[in-house]
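Asker: This structure is in structure tokens; I'll ask about it shortly.
The values are calculated or read from the model by the stated rules, or taken from the named source; none is laboratory data. None of the values given here were measured: they were computed from a predicted structure. Cβ coordinates were reconstructed from backbone atoms using ideal geometry, including for glycine residues, and neighbour counts include every protein chain displayed. Side chains are part of the model used for accessible areas, which takes the heavy atoms of the whole protein and leaves out ligands, DNA and RNA. Shrake-Rupley method; radii C 1.70, N 1.55, O 1.52, S 1.80 Å.
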Amino acid sequence: MADTLSITDNRTGKTYEVPIAEGTIRATDLKKITTGGDDPGLATYDPAFMNTAACRSKITFIDGDKGILMYRGYPIEQLAEHSTYLETAYLILFGELPNKPQLEKWTHDITMHTMVHENIKKFMEGFTYDAHPMSVFISTVAAMSTFYPDSKQIFNADSRRKQIHRLIAKTPTIAAFAYRHSTGRPYVYPDNDLSFTGNFLNMLFKMTEVKYSPNKKLERALDVLFILHADHEQNCSTSSMRAIGSSHVDPFSSMAGAAAALYGPLHGGANEAVLRMLKEIGSVDHIPAFIKKVKGGEGRLMGFGHRVYKSYDPRAKIIKQTAYEVFEVTGKNPLLDIALELERIALEDEYFISRKLYPNVDFYSGLIYQAMGFPVEMFAVLFAIARTVGWVAQWEEMLLDPDTKIARPKQVYEGAQTRDYVPLGKR
Ligand code: CMC
């Protein structure tokens, strides 16, 4: 049986053969289906890329119906249980788990790049005290390209590697500085004796103690959360990273764009929105009225639903478990009871069942972050730190893919046809 698709164009009666490869047809193959004359040929209309693969990738696999997520073939459950964020980052970037010397070198390379240029601190001072840390983060990542003009050498493998080290290593420092700025506290420099997440907690929360020592359980919980958020194939921010990077701009500029996409409440801003929603609901008694409003089209149940997962989000399962471990240390987040009851009611409700709406990664992550002492404004920033490795890995894969061209979707033009300019006095 040939791997082809036969298409009959009923407008002309002509039949065309289009090759099928890897479960897809090439959209450009449809161009030959034309009615003649100046008809440019058939195109597909797919706003939001609901059924269009925009690239090939070897990094992350998701089966949304079965609730499967794997990085480089390793199930997320196994990585969350056994790996660390830095080890997982290596896996995502290089395709294989590192051996001991490789992991040591990688950890050293990242740890040695955690400091930021002193001028970065200075311009961060320019933001108002109540500036949203995610806006500060996005702007600072963009500004980093001014400090590293060598980052323009995107086809030089050594330069790419250096920028990748810088991005993974410095995003926690920038994020922590953004947080300290918002609280009016002095910036804390990185402590290279600590783990990736241990040092991050140090830069956020160290006060007058000589040496900060992170709570091991919270350090591990944050590491697990970072593993769960490290990559998620072609989501809104990652496809922004690829699209911007396809213009051959430097990775700092591309990543500022990706982080901006992540900021939105339908993407990485969702866990902040979940917390605000839970606060607004206020008590378990108010849940039925809230659900009624959502079903009536007034707002959404934040932290529910996913473009890809239509059975459950495997990250949400792990996060729920992690939440209980964190609450053992911090005490229970008082909003947990509302979240649990909301989840219970929604999962029994025909509206959510028929639309296959389940808790996603963000439903519980905000509760954990809040219990750990993060203000809600920091939630998307935490997501961005973890996602940095996914963005840079996908960016590099895009650059090295011979199929890559500058991203440039088509449109279906529905505007006015040619008409003559009318002088102002005659309109
Ligand atoms: N609450 C209530 N109804 C919903 C929700 C929700 N959270 N999500 C989807 N729906 C309804 C929607 O109204 C529509 O109903 P109908 O068919 O009657 O018009 C149907 O479900 C399909 O929704 P959609 O908007 O076409 O689905 P989508 O795939 O475009 O959207 C989504 C996916 C994640 C943007 C959406 O589910 C949503 O807005 N969820 C809340 C925000 C959220 O939690 N985002 C975090 C996503 S996970 C983290 C990440 O990767 O960024």
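Asker: Quick one: 3J(HN,Hα) in Hz for the stretch 262-272, Karplus 6.51/-1.76/1.60 with θ = phi - 60°, rounded, Gly and Pro as x.
Answerer: Taking θ as phi minus 60°, the curve returns 5, 4, x, x, 8, 10, x, x, 5, 5, 5 Hz for the stretch 262-272.
Asker: Excluding residues on the same chain fewer than 8 positions from LYS356, give the aspartates and glutamates whose Cα lies under 15 Å from its Cα.
Answerer: In chain and number order, the partners are ASP63, ASP65, ASP313, GLU343, GLU348.
Asker: Label points 7 Å out from Cα along the Cβ direction at PHE327 and ALA53: separation in nm?
Answerer: Here the answer is 4.2 nm between the modelled labels.
Asker: Set the Förster radius R0 to 56 Å, insert the Cβ-Cβ distance between LYS121 and ASP420 as r into 1/(1 + (r/R0)^6), and round the FRET efficiency to 0.05.
Answerer: Working from the Cβ atoms, E equals 0.45.
Asker: With the crude spin-label approximation of a point 7 Å out along Cα→Cβ, what separation in nm comes out for GLU104 versus GLN153?
Answerer: About 2.9 nm separates the two model spin labels.
Asker: Taking the stretch 1-45 as the region of interest, what is the percent of Cα-Cα pairs per 5 angstrom bin, listed from the shortest bin to the one with the maximum distance?
Answerer: 5, 21, 30, 25, 13, 5, 1, 0
Asker: Each label point is 7 Å from the Cα along the Cα-to-Cβ direction; what then is the distance between the points at ILE25 and ASP401, in nm?
Answerer: It works out to 2.1 nm between the two label points.
Asker: What is the magnitude of the charge dipole of the stretch 327-427 about its Cα centre, with +1 placed on the Cβ of each Lys and Arg, -1 on the Cβ of each Asp and Glu, and no other charges, expressed in debye to the nearest 20?
Answerer: The calculated dipole for the stretch 327-427 is roughly 800 debye.
Asker: Can you run phi through the Karplus equation (6.51, -1.76, 1.60; θ = phi - 60°) for the stretch 279-290 and list ³J(HN,Hα) in whole Hz, with x for Gly and Pro?
Answerer: Coupling constants for the stretch 279-290: 5, 5, 4, x, 7, 4, 4, 8, 5, x, 5, 5 Hz.
Asker: What's the carbon and sulfur percent of the stretch 270-371's accessible surface, probe 1.4 angstrom, rounded to a whole number?
Answerer: It is 52 percent, rounded to a whole number.
Asker: Over the chain, what relative contact order in percent results from Cα pairs under 8 Å that are six or more residues apart?
Answerer: So the answer I get is 19 percent.
Asker: Rounded to the nearest 20 debye, what is the charge dipole size of the stretch 1-45 about its Cα centre when +1 sits on each Lys and Arg Cβ and -1 on each Asp and Glu Cβ?
Answerer: 100
Asker: Taking amide H positions as placed 1.01 Å from N in the peptide plane, with prolines and chain starts having none, which residues 5 or more places from PHE304, or on another chain, fall under 5 Å of its amide H?
Answerer: ASN360
Asker: Mind counting lysine pairs for me in the stretch 71-177? Cα separation below 17 Å, and the two need to be 8 or more apart along the chain or on different chains.
Answerer: Final tally of qualifying lysine pairs is 5.
Asker: OK, next. Give the long-range amide H neighbours of TYR16: residues separated by 5 or more places, or on another chain, with amide H under 5 Å away, using H modelled in the peptide plane at 1.01 Å from N.
Answerer: HN-HN under 5 Å from TYR16: ILE7, THR8, ASP9.
Asker: Hey, in the GNM for the chain with a 10 angstrom Cα cutoff, which one of ASP63, ASP39, ASP223 fluctuates hardest?
Answerer: Of the options given, ASP39 has the highest mean-square fluctuation.
Asker: Let me know the charge dipole size of the chain about its Cα centre in debye, to the nearest 20, where only the beta-carbon of Lys, Arg (+1) and Asp, Glu (-1) is charged.
Answerer: The calculation lands at about 780 debye.
Asker: I'd like the accessible area for VAL18, computed on protein heavy atoms only with a 1.4 Å probe and all protein chains in place. Round to 10 Å², please.
Answerer: Accessible area, nearest 10 Å²: 0 Å².
Asker: So what are the ³J(HN,Hα) numbers for the stretch 405-412, from phi and the Karplus equation (6.51, -1.76, 1.60; θ = phi - 60°), rounded to whole Hz, Gly and Pro as x?
Answerer: Going residue by residue, I get 9, 4, 5, 7, x, 7, 9, 9 Hz, with x marking Gly and Pro.
Asker: What are the lysines whose alpha-carbon lies under 24 Å from the alpha-carbon of LYS14, with same-chain residues fewer than 8 places away excluded?
Answerer: Within reach: LYS31, LYS32.
Asker: How many Å² of accessible area per residue for the chain, probe 1.4 Å?
Answerer: Counting only protein heavy atoms, the per-residue value for the chain is 51 Å².
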